[in-house]
Every structure is written in C-alpha cells, then in structure tokens.
Amino acid sequence: MGLEQLLVLAMFASFMGLLLLGFPVAWSLAGVGFVFAVIGHVLVEFAAADLWFSWGGTIGVLDRRIYGIVANELMVALPLFIFMGIMLDRSGIAERLVTSLVRILGGLRGGYAVTVVIVGVLLAASTGIVGASVVLLGMLSLGPMMRARYNKSLAVGTACSVGTLGILVPPSIMLVLMADRMGTSDASVGRLFMAALVPGVMLGVLYVAYILVAAYLDKDLAPAPRDREPLDARAFLQVFWAVLPPLGLILAVLGSIFTGFATTTEASAVGALGAMLLALANRRLNPTTLRQALYQTSRTTAFIFAIFIGATVFAAVLRGLGGDDVVRFALTGLPFGETGIVLTILAVVFLLGFFLDWVEITLIILPLVAPVIMSLGVDPLWFAMLFAICLQTSFLTPPVGFALFYIKGVCPPEITTRDIYLGVAPFVAIQLLGLALVFFYAPLATWLPNEIYGGR
C-alpha cells in the first residue's frame, strides 16, 4: 500500500473517530482537513516524500472555493425551501388533511395509518423537511391511533417512516445538494425532481399496501373503529378543500420548474411566498410565527452550510493527497463489472447511513464516486436516484437515524425505543424493496425526466 492510500485511509479513519467521540461534524471535517494538509506539506517539504501534494493548490484556494459555494445562485433555493417547509408546518394544513381523510378512510382496518401515509406524501411534496414532517405526523397521529387500539410498533413506525419521504419527494433540499455535487447537466435539479417523483410516490403506495395487508392478516394490528360517522357528500367535499391548498402549492413550485417558467431558485421563492399566504389564509400567520420560522430557517441553513464548508476543506485536501485516484482505482479494480461497482457503492452508502447523516454522505462520498460512475457510462440520473433512496434509509437506521430521535420526542410514554425500532424495521425493508425495483427497472427513475427534458 502506497503513501497516498495510507494518508487517505487515515483521513477517513480520523474523521470517523472524531464523530464517534462526539465532535461536531463541521469542525471534524475542517479540522481533519487542515491537520492532513499540514502532514502532506511536511512530508513533501521536509521528508522529500514521493507525494503529489501542494499547499497552495489545496488550502491556498479554499477562499475561492468557499466563495463559490456562497455565490452559487442554486444555493439560495436551500433556505427558501426550508422556510417553505417550516411555514407550512405551522399553517394548520396537516391537521385539516388528517381530520377530513379520517372521515373517509377511518372505517378500514389500518385506515388511520393509511391516512397518515397520504398526508405524509402530501407533506413531503410540500415541505421537504424530514424533522418537521416526522414530528408533526407523530403529534397528529400517535395519540388517536393509540386510542383506536393500534399496535404500538405499527403506529410509531408508520408516522416515523412516512415522514422521511420529505427528503426524497420533490421539492427536496437533498436533491438540490445532490445536483450541485453531481456536477453534470444530466442530473440537474429539475431532472432530479422529476426522477424522484415516481419512486417517492411508489414508496408511499408500498407503505399503504403493507399496512392494508398486515391489518387484514392480523385483525388486532390495526382494528377498524366500532362506530364511525356516515359518509356523505360533505365529507368528500371537505377532503377536496383540504387537499387543494397543498396540491396547488406543489403544482406552482414544481410546475414552474418543469415548464421552464422559473428557475429552481425562483420557484423556491414562489413556494416560500405561497406557504406564507396559506398560513395567512388559515389565520396562523403572526409576528411570533414568522419570527420563529425565520429563526429555525437560519439555524438549519447555517448547519448545512457549516458542513458544506467543512466538507470543502476535507475534500480539497483529500484530492490533494490523491484521494480521487485512490477511490477510482479501488472501485475500478473490483473483480466485477459496472453493476457490481454500483451495488458496492450502494452497500457502502447504506452502511454509512447507520453512522452518518445524509448531508455528510452527500457532500463527501457523492463527489468521490460520481466521476467514477460517469466514466463507466452509467446513467447519472438513475444512479442519483439509487443514491437518494439509499440515503433516505439513513433516517431510519440506528444508532444515528435522526427520524428515530424526532419521533421519540413526541411519543406517548407507553411507546418505548424497542417499539420504535420494531416499527421502522418493515419500512426499512420496504425502502430496500423500492431500491431494488428502481435498480432492476431504471425507467421508474429515468422515464419521466427524459420525456420532459429529453435524454437517453
């Protein structure tokens, strides 16, 4: 093993070690980058090591790289989409959706859980914020499902898992970051949004199918209520008026992008304004709500950009030490073809999801493997969707599955951590099934964007 390989492995090992010790991600990335930049400089200048490392070509260009991140117009969409999601979370739309849909679906076995899935998909397409969706769905659904004698694991697993669809169903902040990191027009934001639409809805359908089948096979898992209000035209009218606002906002944001009427950044501004108008229409917009939404948006944006800057330092030094070549040779040297290489990358990403958040994986791993994938002739759109679905599972896999922590904070006292783990396990399996379907039938991800934008 050469010096480059040793240094690259030592960088990754140091980063993982600092994370396990509890150091913040952004500081760990930047700190490890600077330390190994010094090590590389010392080895080249004083030990005359056979190492192609340049201090000026790595640390010396960081100011321009960081300015490039801040000056990137696409990145303006991040805080605007985050604000849109937070404002919709406070607009009262979800409560109206749940109340109206339960009147129609509540008589089914598992009807309340199916309602949560439908509302979760609509929230995912409206907000894109996993934490907000999981907490909101948990607060709205866990109490009523417990009173309806639902199995605790099914109830908490449904609310927790459906909330993670927000990271996949467009408009998604993860897809915005992925488009920036992929660095190719074949995987632009608009294409990724279109590509994620079918897989995201497909996962929602698979969730509903699982709930209905499980409730049918086990009568005590999700029993139908003994008494329910009779259905009438008014109940369906309530559903229509409850679904119309979020659906209109979704069409306004995504439609303006897909038709070319607006850029992604402009569409995010439309979404932010639309969310404020919906909150105003529901009489939820006031100075306190606006101040809290702006504060939470600023915190979330600062968190993402801090990791962005730390990852820039880490990646610059890693490339300076030959990390790109090490990764490329390691992948292309595997004893199987491009399919095996893609499967290996997905397996590594899935395992990393147990320990890392999607932001770190997107900013560190994706830029390293994307050039290799494209050099093999793999469709970058198809690979990006596989990567995105894999990242979605990271929200549900312990010990660092953030959705598990979100839902635990709003669970009734009788729901334990064991119930949460047992509840999300079937949904992780369903997501892996969805991943397999996209893997073996690529048009699930590529047909819609290619039809709209043209392509392969």
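Summary of computed values
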| item | result |
| --- | --- |
| Conditions (1) within 29 Å of the chain's Cα centre (by Cα); (2) free of Cβ contacts under 8 Å to residues at least 12 places away in the same chain: number failed by Val201 | (2) |
| Matching residues, segment 157-176, being part of a helix (DSSP H, G or I), more than 8 Å from the chain's Cα centre (by Cα) and farther than 16 Å from Ile430 by Cα | Val176 |
| Failed criterion for Leu285 (all others in (1) assigned to a loop (DSSP other than H, G, I, E, B); (2) closer than 30 Å to Leu6 by Cβ hold) | (2) |
| Within segment 133-147, tally of residues that are surrounded by 19 or more Cβ atoms within 10 Å (Cβ to Cβ) and either over 15 Å from Gly111 (Cβ atoms) or not polar (S, T, N, Q) (or both) | 9 |
| Residue selected from segment 1-22 under the condition more than 29 Å from the chain's Cα centre (by Cα) and assigned to a helix (DSSP H, G or I), by the criterion farthest from Ala311 (Cα to Cα) | Leu3 |
| Filter result for the condition that a residue is among the hydrophobic types (A, V, I, L, M, F, W, C), crowded, with 18+ Cβ neighbours inside 10 Å and in a helix (DSSP H, G or I), over Ala429, Ala425, Ala403, Ala436 | Ala403 |
| Single residue of Val342, Val327 found to be modelled with pLDDT of 85 or more, over 22 Å from Pro170 (Cα atoms) and surrounded by 15 or more Cβ atoms within 10 Å (Cβ to Cβ) | Val342 |
| Filter pass, Val25 being over 21 Å from Ile309 (Cβ atoms), modelled with pLDDT under 80 and either exposed (fewer than 15 other Cβ atoms within 10 Å of the Cβ) or not aromatic (Phe, Trp, Tyr) (or both) | no |
| Checklist (1) out of contact with any Leu (no Cβ under 8 Å at 6 or more places or on another chain); (2) modelled with pLDDT under 90 applied to Val208, failing item | (2) |
| Number of the exception - Pro371 against (1) within 30 Å of Gly423 (Cα to Cα); (2) surrounded by fewer than 19 Cβ atoms within 10 Å (Cβ to Cβ); (3) touching a residue at least 24 places away in the same chain (Cβ under 8 Å) | (1) |
| Filter pass, Thr312 being within 30 Å of Ser14 (Cα to Cα) and in contact (Cβ under 8 Å) with a residue 24 or more places away in the chain | yes |
| Qualifying position, being surrounded by fewer than 21 Cβ atoms within 10 Å (Cβ to Cβ) and either touching a Phe, Trp or Tyr at 6+ places or on another chain (Cβ under 7 Å) or assigned to a loop (DSSP other than H, G, I, E, B) (or both), among Phe354, Phe350 | Phe354 |
| Any hit, segment 308-323, residues being exposed (fewer than 15 other Cβ atoms within 10 Å of the Cβ) and either in contact with an Asp or Glu (Cβ under 9 Å, 6 or more places away or on another chain) or assigned to a helix (DSSP H, G or I) (or both) | no |
| Test: residue in segment 262-280 that is over 24 Å from the mean Cα position of the chain (by Cα), among the aliphatic types (A, V, I, L, M) and crowded, with 19+ Cβ neighbours inside 10 Å | yes |
| Count - residues of segment 381-400 that are surrounded by 22 or more Cβ atoms within 10 Å (Cβ to Cβ) and not hydrophobic (A, V, I, L, M, F, W, C) | 3 |
| Residue match in segment 273-291 (condition: out of contact with any Asp or Glu (no Cβ under 7 Å at 6 or more places or on another chain), of a type in the set (A, V, I, L, M) and under 29 Å from Gly17 (Cβ atoms)) | no |
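The values are calculated or read from the model by the stated rules, or taken from the named source; none is laboratory data. Because the structure is predicted, anything quoted here is derived from the model rather than measured. FYI the Cβ positions are ideal-geometry reconstructions off the backbone, even for glycines, and counts take in every protein chain you see.
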